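Here's the structure, in structure tokens; my notes come after.
Only the coordinates and a few stated rules stand behind these numbers; no lab work does. Predicted model only: the values in this text are computed from it and were never measured. With ideal geometry, Cβ positions are generated from the backbone for all residues, glycine too; neighbour counts draw on all protein chains shown.
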Amino acid sequence: MNEREFQGVILAAGRGSRMAPFSENYPKPILPVGNKPVIQYQIETMHDLGIRDIVVLIGHKGFELSKVLGDGSQFGVSIRYVEQSSTLGIAHAVGCLEPHIDRPFLLFLGDIFFVPGDVPRLFELFRQQGGGAVLGTKEEHNPAAIRRNFSITLNPEGFVSRVVEKPRHTTNRLKGVGMYLFDLTVFDAIRRTPRTAMRDEYEITDSIQVMIQDGLPVRPCNCVVDDINLTTPADLLYCNLMLARSSPNGIVIGSNTSLHEGVHIESSVIGRNVTVRNAISIRNSVVFDETDVNSETGLDNFIVTPTGMVDCNYGIQNGRNLWINSSRAFA
């Protein structure tokens, strides 16, 4: 693929309040999975597809994101940042980028961890139909997961006839996954996208529906093996454990890490420059970079950061997070 043919766009401006306490210090896209920021996986996917020009929309603590990613040269791409002053839905976010987009673009939502499948197929379909849009999808066997995302109805020719954001009812197993390939006609559709009654936002699904009504071709493409929306700390833990279990010995350990000789680690991710001072067991857990672990008891289903720990067992049982720092615990 000609590297000038497509641009990359990553939306990374959300606050992520349900990811608290991490959202106080980290934009969700730089939370670590396997000791790499989530957004780095997306950038690497774009690079592998031949995309070199990437625009990142930032908002909440955007300076932290730009500090981690820089100008993109470390990943072999060029990154430009655009700041979003207000969050009014995905369509509004994409519309803010119109002055910075001059060709068809691949769009990722920056708080989703993708396990890629046949992503190049997106581009094959796009070229076959001569533009419009191709929606990244997955065959989803859990109707509740479709209801949390968006549903897709097809016409007899296999083109999309209807998309519904967070549908109450589902008619098939196609689920949108937060990956889209658009041509520039999407900006005309966004200009005619109304705010929704339910969420008072400009939904990208409504913009896609406008494109369909205009007669533009829109098709789905099952191009990911899995997609995990990082909504809560338990989601972050799940992604890390999934990656750890696919690694040799079921663990990932970063560089310059010092472990007490009696430490037992199982199915966990340990970051860089970590010190574990006591002979404890660490199971099904994640330790962030630069963390000094002083715990005298074992950790199981914990996320440990330089400033405290989240007990994900508590979150699973009680529907909220238990944050533990050096002096007290609070939910």
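At-a-glance table
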item: Top of V177, V38, V293 by mean-square fluctuation, Gaussian network on the chain, Cα under 10 Å; result: V293
item: 0 to 90° range, to nearest 10: angle between helix 204-213 axis and the chain longest Cα axis; result: 20 degrees
item: Gaussian network model of the chain, Cα within-10 Å springs - most flexible of Q74, Q40, Q209; result: Q74
item: Nearby aspartates and glutamates by direct alpha-carbon distance to K166 (threshold 15 angstrom, same-chain neighbours under 8 apart not counted); result: E140, D200, E201, E203, D206
item: Fraction in percent of alpha-carbon pairs per bin - 10 Å, the chain; result: 6, 25, 33, 23, 11, 3, 0
item: Dipole magnitude of the chain, debye to nearest 20 (Cβ charges: Lys/Arg +1, Asp/Glu -1, about Cα centre); result: 620 debye
item: Partners for K36 among lysines (Cα-Cα distance below 28 Å; same-chain residues under 8 apart left out); result: K28, K61, K67, K138, K175
item: Cα long-axis angle, helix 120-129 against the chain (0 to 90 degrees, to the nearest 10); result: 10 degrees
item: Rounded Å value of the spacing that divides the Cα centres of the stretch 221-299 and the stretch 121-183; result: 34 Å
item: Among T205, N256, G110 the positive-end extreme of the charge dipole of the chain (Cβ point charges); result: T205
item: Cβ-based charge dipole, the stretch 1-127, positive-most Cα from L65, Y26, V9; result: Y26
